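Visitor: The structure's right below; bear with me while I get my questions together.
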Amino acid sequence: MGIIETARTWVYSASVRGTFQRLHRASGLFLQAVLFVTPWLAVGEHPAVQIDVPARRLYAFGAIFTPTDTVLLVLMGLFAAFFLFLFTAVYGRLWCGFACPQTVVLEEWVRPVEAYIEGERGVRMARDKGRWTLDKAGRKLLKFTFFGVLSGGFAMTFVSWFAGATVLWTGRGGVGYYGLVAFLSVLSFLDLAWFREQFCNYLCPYARLQGVLCDDHSLVVAYDAARGEPRSGVGACIDCNKCVAVCPQGIDIRNGFQLECITCARCVDACQIVMDKRGQVNLVGYTTQSGRRDVVRPRTVAYTALLGVVGIAFVAALATHDEIDGNVRRSPGSTYTLDADGWVRNTYLVRVTSHDEEPHTWSVKVDGLPGGAQVIVAQLTLAGEETATVPLVVRVPAAELVARSLPVDVVLTSGDDTLSLAATFLSEGG
């Protein structure tokens, strides 16, 4: 059996104005401000937000997270996930229609510039069907040049969240960062110039989850078939196709609920213009498949409860978060050593990470050892936000050991700050 291939139908979405398009503009400007401005902001001596992969640090508005803060980072991720689940259960694909980065770029940059350079929907369609001319080639070249510059700007901005805006934009970033910028620029260009709605329909993982996260009470954009049908007859719909012409996904909202719909409300504004002229109520609007808006239901209650649990756990973990943390592990390949003088020696590696911007000097001692034990360790000095590892040698006379393992605590002290790390001293036993 052969594979049936169908050619892609290019979507020519017409421009539209209205209430929801003004909301698009407001949300788009706000989100772009967050995207472009945040990498340039600083809190103290550090970026307000930066994911520093080489240093394995996350800077978030004055807080510094390292790999030892895995619990906090996991809780933050869970909170974001459950919030997204709850938001989607209540508001459907409103994120896709108003806040998705691709939607924002297409609505605020690509479509307006495309209409300005190549004309409105009908003009673009006619020009693309016609033969190539110098005018057509020039417009295409100008449009694609703009898309290239736009893609490069967004790629640089995105990578700035990782490399730091000042470093990256002044040419002081690493080769890897600029390689990533080039790669993302190409992907962005292909998306803006060609892929567009296909990303939403075929690749976006969030779009694939809609069938699971939404139900009959989730918000959707729908056509009032009871009032609108039959078209161009008794029904209110005059079959003007305005709702189809403005749709960025290329669907007809009058055909019922479709997974491709991103609830951007362009069709709502288009129908509103026509219905206002006829003195009638809009046929397209936000509603639910059930016709009811039951926000409180088992699905949303469960998501809210999970959000509460994760939120409480995060606050508790944050309240107990220390300016320093670390661990003690044995030197690789060693358990214990019986020295020539009859003493049992254990060798450890003490690894400590400081989350404080100020330098600290830590003294190290071991609690839980017999009175005659020896502890050999250098004083530990950490600069601001530094990780250091020092060897720790503990020797105990064999005659004083009555068990094969002895629980001990490695205690680090700096002023009023104390960090206690559990360890075990091993020997042959008594």
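The values are calculated or read from the model by the stated rules, or taken from the named source; none is laboratory data. Just so we're clear, the structure is a prediction, and the values are computed from it rather than from any experiment. Cβ coordinates were reconstructed from backbone atoms using ideal geometry, including for glycine residues, and neighbour counts include every protein chain displayed.
Visitor: Just the residues that are without any contact (Cβ under 8 Å) to a residue 12 or more places away in the chain and among the aromatic types (Phe, Trp, Tyr), please, taken from segment 117-145.
Guide: Across segment 117-145, the qualifying residue is only 132.
Visitor: Tell me, which strands (runs of 3 or more DSSP E) lie completely within segment 307-418 with 1 or more residues that are more than 30 Å from residue 89 (Cα to Cα) and of a type in the set (Phe, Trp, Tyr)?
Guide: 343-354, 360-367
Visitor: Take the conditions under 24 Å from residue 110 (Cβ atoms), surrounded by fewer than 20 Cβ atoms within 10 Å (Cβ to Cβ) and hydroxyl-bearing (Ser, Thr, Tyr) and apply them to residue 133. Does it pass?
Guide: Taking the combined requirement at face value, the residue satisfies it.
Visitor: Checking residue 178 against (1) surrounded by 15 or more Cβ atoms within 10 Å (Cβ to Cβ); (2) in contact (Cβ under 8 Å) with a residue 24 or more places away in the chain, which single condition isn't satisfied?
Guide: Here residue 178 meets the rest and fails (2).
Visitor: Would you say residue 58 is farther than 30 Å from residue 294 by Cα and surrounded by 16 or more Cβ atoms within 10 Å (Cβ to Cβ)?
Guide: yes
Visitor: Let me ask something else about it. For the condition surrounded by 14 or more Cβ atoms within 10 Å (Cβ to Cβ) and of a type outside the set (A, V, I, L, M, F, W, C), what is the one hit in 416, 409?
Guide: Step by step, each of 416, 409 is checked, and only 409 is surrounded by 14 or more Cβ atoms within 10 Å (Cβ to Cβ) and of a type outside the set (A, V, I, L, M, F, W, C).
Visitor: Which of the residues that make up segment 386-430 are under 15 Å from residue 352 (Cβ atoms), hydroxyl-bearing (Ser, Thr, Tyr) and at pLDDT 85 or above?
Guide: 389, 413, 420
Visitor: Here's a follow-up. Filtering segment 181-203 down to residues that are touching a residue at least 60 places away in the same chain (Cβ under 8 Å) and buried (at least 16 other Cβ atoms within 10 Å of the Cβ), which residue is nearest to residue 93 (Cα to Cα)?
Guide: The extreme case among them is 200.
Visitor: Let me ask you something else. Checking residue 232 against (1) over 13 Å from residue 102 (Cβ atoms); (2) touching a residue at least 24 places away in the same chain (Cβ under 8 Å); (3) not in a strand (DSSP E or B), which single condition isn't satisfied?
Guide: Result: residue 232 passes all but (2).
Visitor: Report every pair of residues separated by at least 6 positions or lying on different chains whose Cβ atoms are under 9 Å apart, first residue within segment 237-249 and farther than 15 Å from residue 272 by Cβ, second among the acidic types (Asp, Glu) and buried (at least 18 other Cβ atoms within 10 Å of the Cβ).
Guide: That search, which allows pairs on different chains as well, returns 248/107; 248/197; 249/197.
Visitor: State yes or no: is residue 146 assigned to a helix (DSSP H, G or I), of a type outside the set (D, E, K, R), out of contact with any Cys (no Cβ under 9 Å at 6 or more places or on another chain) and under 30 Å from residue 82 (Cα atoms)?
Guide: The answer is no for residue 146.
Visitor: Residue 226 versus (1) in contact with a Gly (Cβ under 6 Å, 6 or more places away or on another chain); (2) exposed (fewer than 15 other Cβ atoms within 10 Å of the Cβ): which is the lone unmet condition?
Guide: Only one criterion in (1) in contact with a Gly (Cβ under 6 Å, 6 or more places away or on another chain); (2) exposed (fewer than 15 other Cβ atoms within 10 Å of the Cβ) is unmet by residue 226, namely (1).
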